[in-house]
Amino acid sequence: MTDSSPLLRIEAAVARIDAAVAAQRQESDSLARRHAKLRDAMEKAVSALDEIIAQEDK
């Protein structure tokens, strides 16, 4: 075992943490985009239903 071995393990651990953070960020961004698309689709659907209900009330 050399003197740099603990340092190498720490650097490897930091690299794994950085990779995990990047993956989580990418997953969160993807989820946010999917949520926005779903919210938009739901707003359109509710608006269409609202128009149908308004026509039925006439």
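Some observations on this one:
- Accessible surface area normalised per residue over the chain is 94 Å², counting heavy atoms of protein chains with a 1.4 Å rolling probe.
- Radius of gyration, Dmax [the range 14-56; alpha carbons; angstrom]: 18.6, 62
- Helix axis angle, 5-56 relative to the chain longest principal axis, alpha carbon, degrees: 0
- Label positions at D40 and R9, each projected 7 Å from the Cα along the C-beta direction, are separated by 5.0 nm.
- Stretchable slack from L49 to Q24, in nm (0.36 nm times residue separation minus alpha-carbon distance): 5.3 nm
- Think of each Lys and Arg Cβ as +1 and each Asp and Glu Cβ as -1; about the Cα centre, that makes the dipole of the chain roughly 220 debye.
- Computed [θ] at 222 nm, helices only, for the chain once each DSSP H run of length n ≥ 4 contributes -39500 (n - 2.57): -33500 deg cm²/dmol
The values are calculated or read from the model by the stated rules, or taken from the named source; none is laboratory data. Just so we're clear, the structure is a prediction, and the values are computed from it rather than from any experiment. Every residue, glycine among them, receives a Cβ derived from its backbone with ideal geometry; neighbour counts consider all protein chains shown. Surface accessibility is based on the protein's heavy atoms, side chains included, excluding ligands, DNA and RNA. Shrake-Rupley method; radii C 1.70, N 1.55, O 1.52, S 1.80 Å.
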